[in-house]
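Some notes on the structure that comes next.
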Amino acid sequence: MAASISLTQSFRLRDALVAAHPFRLASPFRFGRSFPLFQNPSSRSPSASMSVQAPKKSPDVEFLDRRESGILHFVKYHGLGNDFIMVDNRNSSEPKVTPEQAVKLCERNIGVGADGVIFVLPGVNDTDYTMRIFNSDGSEPEMCGNGIRCFARFITELENLHGMQSFRIHTGAGLIVPEIQSDGKVKVDMGQPILHAPDIPTMIPADKNGSVIKAELVVDGISWNVTCVSMGNPHCVTFGTKKCEALQVDDIKLEDIGPKFEHHEMFPSRTNTEFVQVISCSHLKMRVWERGAGATLACGTGACAVVVAAVLEGHTERHCVVELPGGPLEIEWREEDNHVYMTGPAEVVFYGSVAL
């Protein structure tokens, strides 16, 4: 696998990289527009690489329409620093990239670098599209909250759609409905949280209602209070240990403790783990160890699970701001329909090509 990257505005470096078949790099997406740092002088004239107001399809989207054997065209997006390689896969129900290739693409030293590869596939069962994702370790999760927001923004780019839009997306976690808001953020109906222990799944002994709420879990000799929630994928949420319930998340050594939670015998499908600090009844701070991706800057399904767990344990109200290393997400667990709603940004990073 070989990739070409252009990462600077220096004309000297630009010329060298252009000669080596570069891929385009766009600045962060702001207010519906992204601007290229530079362009191949032999291709397009300078212009905004994407504009949600423009009636014509942008040159960057036309770039994705190219069909070249052995070459993958993609767009890199991020949601609060949780980054993804987005692939237009609408012409096939099979991903263009294998799990093994996804691992190489996600490698940050010798590949493109990402937390996962996301594919836009044709819809099934009356849905508009199907979303599949391969994690950076090659595993396939059921869903990804930050990923679904990036997915929705990517669709508007592919389909040249403007203004407020909503989509019915088929995922491994069921039907998910993201909606593009007037301010450019994406609000997602994440569905109902799953609290029944076998369905999460977890083998931690459940309470009389079949849930695992503030239960004891021993990890590496330390007893933690944990609440388990599934948002279509498993989450283990902790606000502290039995000895010290008030957690200071900045003190957590994620690389040490995260894998021990993820691979704990009580989680037959492994688990995502959120370490949470209560700032107020409407403000939470969390760090996450994601199943299959490790420490990431944000996790949308994790933020949703955290608010559900916080409400169940009596820490917060149902409408909270969840502060992640990459930025805040707005989460609401509505009592009237039992659905969790997540609102946050999704932004373009750059456009690229890579030889598989």
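What length, rounded to one decimal in nm, is gained on full extension from Cys281 through to Glu335, with 0.36 nm per residue of separation minus their alpha-carbon distance?
On the way: separation 54, 0.36 × 54 = 19.44 nm, distance 1.66 nm.
Extending this stretch completely gives an extra 17.8 nm.
5 Å is the cut-off here: which amide hydrogens, built 1.01 Å from N in the peptide plane, fall below it relative to Ile279, excluding neighbours closer than 5 in sequence?
Leu284, Lys285
In Å², and per residue, what accessible area does the range 197-338 have when probed at 1.4 Å with the other protein chains present?
41 Å²
Just to confirm my numbers, what's the Cα centroid distance between the range 71-141 and the range 172-210 in Å?
21 Å
How would the range 197-338 be classified by its alpha-carbon gyration tensor: rounded, prolate or oblate, with rounded meaning a/c under 1.5 and the a/b versus b/c comparison settling the rest?
Note, shape of the range 197-338 comes out rounded.
Carbon-plus-sulfur fraction of the accessible area of the range 59-130, 1.4 Å probe, in percent?
Carbon-and-sulfur percentage of accessible area, whole number: 46.
Just grab the label-to-label distance for Asp256 and Asn209, each label 7 Å out from Cα along the Cβ direction, in nm (one decimal).
It works out to 3.5 nm between the two label points.
List, in order, the whole-Hz ³J(HN,Hα) value for each residue of the range 238-245 obtained from phi through the Karplus relation with A = 6.51, B = -1.76, C = 1.60 and θ = phi - 60°; use x for Gly and Pro.
10, 9, x, 8, 4, 7, 9, 6
Could you give the distance between the Cα centres of the range 225-265 and the range 270-302, to the whole Å?
8 Å
Note down the relative contact order for the range 197-338 as a percent, whole number, built from C-alpha pairs under 8 angstrom at least six residues apart.
Worked out over the range 197-338, it gives 19 percent.
Determine the share of the range 197-338's accessible area contributed by carbon and sulfur atoms, expressed in whole percent, with a 1.4 angstrom probe.
Carbon and sulfur atoms account for 49 percent of the accessible area of the range 197-338.
Which distance in nm do the two modelled labels at Glu159 and Cys244 give, with both placed 7 Å along the Cα-to-Cβ direction?
Spacing of the two 7 Å Cα→Cβ label points: 4.9 nm.
Could you please report the charge total around His283, scoring K, R as +1 and D, E as -1 over all other residues with beta-carbon less than 14 angstrom from its beta-carbon?
Residues near His283 contribute -2 overall.
Tell me the net charge near Val219. Cut-off is 11 Å between Cβ atoms, Val219 excluded, with +1 for each Lys or Arg and -1 for each Asp or Glu.
-4
The values are calculated or read from the model by the stated rules, or taken from the named source; none is laboratory data. Nothing here was measured: the structure is a model prediction, and the numbers come from that model. Reconstructed Cβ throughout: ideal geometry from the backbone, glycine too, with neighbour counts over all protein chains shown. Side chains included, ligands, DNA and RNA excluded: accessible areas come from the protein's heavy atoms. Shrake-Rupley method; radii C 1.70, N 1.55, O 1.52, S 1.80 Å.
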